[in-house]
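Some notes on the structure that comes next.
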Amino acid sequence: MKQYRIAIIGCGKVAHLHAKAIGNLPNASLSAVWSRTPESARKFAEVYGVTACSDIDTMVRGEGIDLVVICNPHPFHREVAIQAAQAGANILVEKPLAATLEDSDAMIDACRAAGVKLGVVSQRRFYAPVQRIRKAIDAGKIGMPVLGTINMLGWRDRAYYDADPWRGTWDMEGGGVLVNQAPHQLDILLWFMGEVDEVYGLWRNLNHPYIEVDDTAVAIVKFHNGGIGSIIVSNSEKPGIYGKVQIHGSNGASAGVQTDGGAMFIAGMSSVLEPPVNDLWTVPGEESLLEGWVKEDSELFNRIDPTIYYMERQIEDFLQALDEDRDPLITGEFGRRTVELFTAIYRSTRDNVPVKFPLKPEYGHLMDGRLRS
């Protein structure tokens, strides 16, 4: 079994979850860390007994790093990903891939040119109830997916935004609920429904006057297969109720997953309160299976640490992709589709028109469509 040496870039709250996940994998070891703030890197390195590096190129080459996991704020993914790729490391980026399409394309191009793999963290794809829906779609059990919905009603309070200086700002976070919280559900919807043709969307800040960015967004989506979709995502509902993705097929059958329940998970600040479960299943002949699946998934939830377990599965998949020289489950190109979708909602709000796909970067425009000049 090949042993992989892994480094982490960025030492915030989510980086600790990745460090623990890496430590649980038999074919991986955390070997080094880098941060824009050297003191943060030093403290992180002391906790995990690894090397704190002052230079990304030296870290990758000098420590023999196979994979770099990028955990710094979204607008800063591009620069560090390109540096690490050019030094020869494969790249796994915390969601979203980047804050803008321009940054996304630059990262994809750099990894392709360097001959390294690029993946995006979307660990909810590894939930058993999510995998069941994907398999049902692939097997034709619901016919063609014709209606997909996201309902993600969460809450973020003042303490959340005050916890890190980058939160709630355009320059440092790149957006609000669309960029930071919704990418998991957006990724799953796109995985189930396929390519997008057109989006009409709106975003607002409903009850967080102390931040610059969106706390709520809605959208209507036209998919390339003729299906349609509805997206409602928000950080404005106390205490944070649930996140659901549901798919309805051309034969009338439906399948859904509640990815989050009770209150929305916040890395380093809260735990996952409820197990991810299928909350809807009307596939002909399989209706009676739902109760058993909920029991099975709940029992697994009670045996594991869900904040780490699914990150382990995603890193494990990436390392297997290296072993087998295949794409990881969530590639950089797929991660770009999520960026494209939330960018379309921002642009649609700005221009008050539906946005046609595919989208190209708006070079020189403020935050790729988020703000008016």
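Percent of Cα-Cα pairs more than 16 Å apart in region 325-373, please. Result: 44 percent of Cα pairs exceed 16 Å. For Lys95, the aspartates and glutamates whose Cα falls under 14 Å of its own Cα, not counting residues fewer than eight places away in the same chain, are Asp103, Glu173, Asp187, Glu333, Glu340. Evaluated at q = 0.15, 0.18, 0.22 Å⁻¹, the base-10 log of the normalised Debye intensity for region 14-68, with identical point scatterers placed on the Cα atoms, takes the values -0.39, -0.56, -0.84.
For region 143-198, the Cα-based Rg and Dmax, in that order, read 14.8, 47 Å. Report summary: the helix-based calculation at 222 nm, which adds -39500 (n - 2.57) for every DSSP H run with n ≥ 4 and divides by the residues of the chain, gives -11500 deg cm²/dmol.
Of the peptides 71-77, 328-334, the order by per-residue mean of other Cβ atoms within 10 Å, starting with the highest, comes out as 71-77, 328-334.
Per the Debye formula on identical point scatterers at the alpha carbon atoms of region 70-202, with no solvent, log10 I(q)/I(0) at q = 0.12, 0.16, 0.17, 0.22 Å⁻¹ is -0.59, -0.98, -1.06, -1.31.
Rolling a 1.4 angstrom probe over region 230-373 with all protein chains present gives an accessible area of which 52% lies on carbon and sulfur atoms.
Where the centroid of each part is defined by its Cα atoms, how far is region 232-252 from region 21-50 in Å? Using only Cα atoms to place each centre, the spacing works out to 35 Å. Here the peptides 109-117, 193-201 are ranked by packing, the mean other Cβ count within 10 Å, and the order with the highest first is 193-201, 109-117. The spacing between region 89-119 and region 197-216, judged by their C-alpha centroids, is 26 Å.
Taken per residue, the accessible surface of the chain reaches 40 Å², heavy atoms only and a 1.4 Å probe. For the pair region 123-157 / region 304-338, the C-alpha centres are spaced 17 Å from each other.
I need the Debye-formula profile for region 161-296: one equal scatterer per C-alpha, no solvent, reported as log10 I(q)/I(0) at q = 0.09, 0.17, 0.22 1/Å, two decimals. Relative scattering, expressed as log10 I(q)/I(0), comes to -0.33, -1.04, -1.40. Residue-normalised convex hull volume from the C-alpha trace of region 27-141: 140 Å³ per residue. On a straight-distance basis, which aspartates and glutamates could pair with Lys20 in a cross-link, Cα separation under 20 angstrom, same-chain partners fewer than 8 positions away excluded? The qualifying aspartates and glutamates are Glu46, Glu63, Asp66, Glu94, Asp305, Glu312, Glu316, Asp317.
Just list whichever of Lys13/Lys43; Lys141/Lys295; Lys13/Lys117 have alpha carbons separated by over 18 Å in the model shown. In this structure, Lys141/Lys295; Lys13/Lys117 exceed 18 Å between Cα atoms. On region 38-186, 49 percent of the accessible area sits on carbon and sulfur atoms, based on a 1.4 Å probe.
The chain has equivalent-ellipsoid semi-axes of 31, 25, 21 Å, by the square roots of 5 times the alpha carbon gyration tensor eigenvalues, sorted largest first.
The values are calculated or read from the model by the stated rules, or taken from the named source; none is laboratory data. Treat the numbers as computed from the prediction; the structure is a model and nothing was measured. Virtual Cβ from ideal backbone geometry, glycine too; neighbours counted across all protein chains shown. The protein model used for the area step is the full one, side chains on, heavy atoms only, and it has no ligands, DNA or RNA in it. Shrake-Rupley method; radii C 1.70, N 1.55, O 1.52, S 1.80 Å.
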